[in-house]
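Down below is the structure, laid out as structure tokens.
Here, each number is a calculation from the coordinates, and none is a lab measurement. All of these numbers come straight from a predicted model, not from anything done at the bench. Cβ placement follows ideal geometry from the backbone for every residue including glycine, while neighbour counts extend to all protein chains displayed.
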Amino acid sequence: MTTTAAEATGAKTTAVRFEQVSKAYGAVRAVDGLTLDLHPGETVALLGPNGAGKSSTLDLLLGLRTADSGTVRVFGTTPQNAVAAGRVGAMLQTGGLMEDVTVKELVGLACALHPRPHPVVEVLSRAGIGRIADRMVNKLSGGQEQRVRFALATAGANDLIVLDEPTTGMDVTARQAFWATMREQADQGRTVLFATHYLEEADAIADRVLVLHKGRLLADGTAAEIKAKAGARRISFELAGPVDEAALRGLPFLAAIDITGNRVRIQSHDADATVHAVYGLGLHPRALEVAGLGLEQAFVAITEAEEARTAC
Amino acid sequence: MLSLFSWALIRLEVTRTLRNKKFMFFSVIYPSVIYLLISSTQNTSDRIPHTDLTFQAFFMVSMASFGALTAVLMGNSERIAKEREKGWVRQLRLTALPSRGYVLAKIASAAVVTLPCIVVVFLVAAAVKHVRVETWQWFALAGVIWAGSLVFAALGVAIGYLAGGDAVRPLTMIIYFGLSVLGGLWMPSATFPQWLQNIAEWLPTHAYASLGQAIEMGGSPHAKDVAILCAYFLIFAGGAAWLYRKDTLKA
């Protein structure tokens, strides 16, 4: 009885659960013992270099492929059942569109195929394609096609929306408009999972960032936590007098130091302590700046560290 | 039980097939042209051995069947292989549509093409070659040839899933000509050597052609032929639905 009760609560509180999931294509392990939970209402970014297993992970989550081992659960059931129940909407990079039909007909089909559909007009206008509703699908630009895919993914009341590189091919304005509508979806309590190459999108939009590398989860936390995990902050300043290089290199918590003329650039594991030590040397730094690493630099640092570790 | 979901897709598939004017035109005209060519090799009054059926009437039915078969087999397999490559099928698999709904929609859109095919062959045969049968026979012939073509529409869907890209056309061609010739759509299978007749008897195309011939000779289709076609339909449609679910081809 206790187990069933726990399972029932588990099903309620988790949108997606991966338990020790592995998937290999021949000798290549695309997903390697992946374990993770996504909770309802979260907006989660999935990051990783090419070949990290992002698309494979999404395929497993959507039931387009079956795991070699481990279990994938979506709202406490199999991905196929969750999809058939209309709980999952997805926008795939590899998802093509039906040809010889108009945008409106295609979106109408997606609405008709959804167990809990939204009105077609509403879906069209939310995706920003109300004005091209009568155009043939095969006559659209790349950005317009992306919006149609978005409309297909949001044709009904889904609880989970999965987006694979959704803003590819969109210009900056379209990208902003896209994320604005996506945030509305998240505000309505939907779980949003997106894979992206644009790290600033992950930084700005996601509550939580997952970093995948060679099919394994390298980091899982808020964007700020991921940056902290990369372990460094940048310190830079100028010195008025002569530069004592040896003393500077002896500063505590240094990750890297670069001295060019009288300009000093430092990466430190503990910026506060390092700056304190600079003053302790009796130096009077000018134009002192302390900044965190960007998510992009943090991401590179984390994946490079992992590369170095696995290479040994 | 066919859900409402499936109907939505069937409606749209039929609409877009009708919209594809070039495909419609050639599919509808092609069997009539072949009929005129092949029936010109025989005199109007010559009869098939052991029957009182003229070659003209025989070819009318076999070419209507052949034309319907061409349209559904070629049309379906290539279009489906293309849709898979473009990733549309992947997108569709993320909807609540059951796999049988997809297969039925494809069969239905093929059926829209075959009916005009059949009617045009009949009109040409009656007008140019003076083929005459009873009124009930015209309707019965159109009905069974149309219904029988659904078996091959299902086969077309299955082939579209078996092969991708460049392989789909040759594979379709081999199956298409193999079945047409061996099934006796080009030549009455009564002219085959006995061992080949024994094989041909169990082919779906043979059963298909026999349906029409039985009606032409004033009878009703043999239960065995109907049973063979039903069995093939279940195998092809079931196989296609299974392949749709299993498909992992990416764009």
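Observations
- What the Cα convex hull of segment A:145-189 gives, in volume per residue, is 63 Å³.
- Nitroxide proxy distance, nm - points 7 Å out along Cα→Cβ at residue A:290 and residue B:41: 9.3 nm
- Beta bridges from DSSP with both residues in the protein assembly as shown: antiparallel share about 70 percent, rounded to the nearest 5.
- Coil-residue trypsin sites (Lys or Arg not before Pro) of segment B:3-72, DSSP, other Cβ within 10 Å capped at 15: none
- Selected from A:84, A:133, A:247 as most flexible by GNM, with chain A as the system and alpha-carbon contacts under 10 Å: A:247
- Segment B:141-172-segment A:98-150 distance, computed between alpha-carbon centres (Å): 30 Å
- Compared with the dominant principal axis of the Cα atoms in chain A, helix A:2-13 is inclined by about 80°.
- Amide H contacts of residue A:163 (H built 1.01 Å from N, under 5 Å, at least 5 apart or other chain): A:91, A:193, A:194, A:195
- FRET efficiency, residue A:306 to residue A:260 (Cβ-Cβ, R0 25 Å, nearest 0.05): 0.25
- Axis of helix A:142-153 versus longest Cα principal axis of chain A: the two differ by about 60°, to the nearest ten degrees.
- Built amide H within the under 5 Å cut-off of residue A:255, gap 5+: A:267, A:268, A:269
- Once the C-beta distance of residue B:199 and residue B:234 is scaled by a Förster radius of 25 Å, the resulting FRET efficiency is 0.75 to the nearest 0.05.
- Segment A:154-312, relative contact order in percent, only Cα pairs under 8 angstrom and at least six apart counted: 21 percent
- On Cα atoms only, tilt of B:99-128 relative to the major axis of chain B in degrees: 30 degrees
- Here the 3J(HN,Hα) profile of segment B:157-171, calculated from phi with Karplus coefficients 6.51, -1.76 and 1.60 at θ = phi - 60°, is 4, 4, 5, x, 8, 6, 10, x, x, 6, 7, 5, 5, x, 4 Hz, Gly and Pro shown as x.
- Legend: mean number of C-beta atoms from other chains within 10 angstrom of residue C-beta atoms, peptide A:106-117, equals 5.
- Mean separation of Cα contacts under 8 Å, 6 or more apart, over the residue count of segment A:232-292: relative contact order %: 51 percent
- Average partner coverage of B:81-91, which counts Cβ from other chains inside 10 Å: 5
- Amide H within-cut-off set for residue A:208, under 5 Å, with H built and near neighbours excluded: A:43, A:45
- All lysines inside 19 Å of residue A:104 as judged from Cα atoms, apart from same-chain residues fewer than 8 positions distant: A:139
- Note on chain B: Lys pairs 8 or more places apart or on different chains, Cα atoms under 20 Å apart, count 11.
- Centroid-to-centroid separation of segment B:1-40 and segment A:247-312 [C-alpha atoms, Å]: 70 Å
- Calculated [θ] (222 nm, deg cm²/dmol) that DSSP helices of n ≥ 4 give over chain A, each run adding -39,500 (n - 2.57): -11000 deg cm²/dmol
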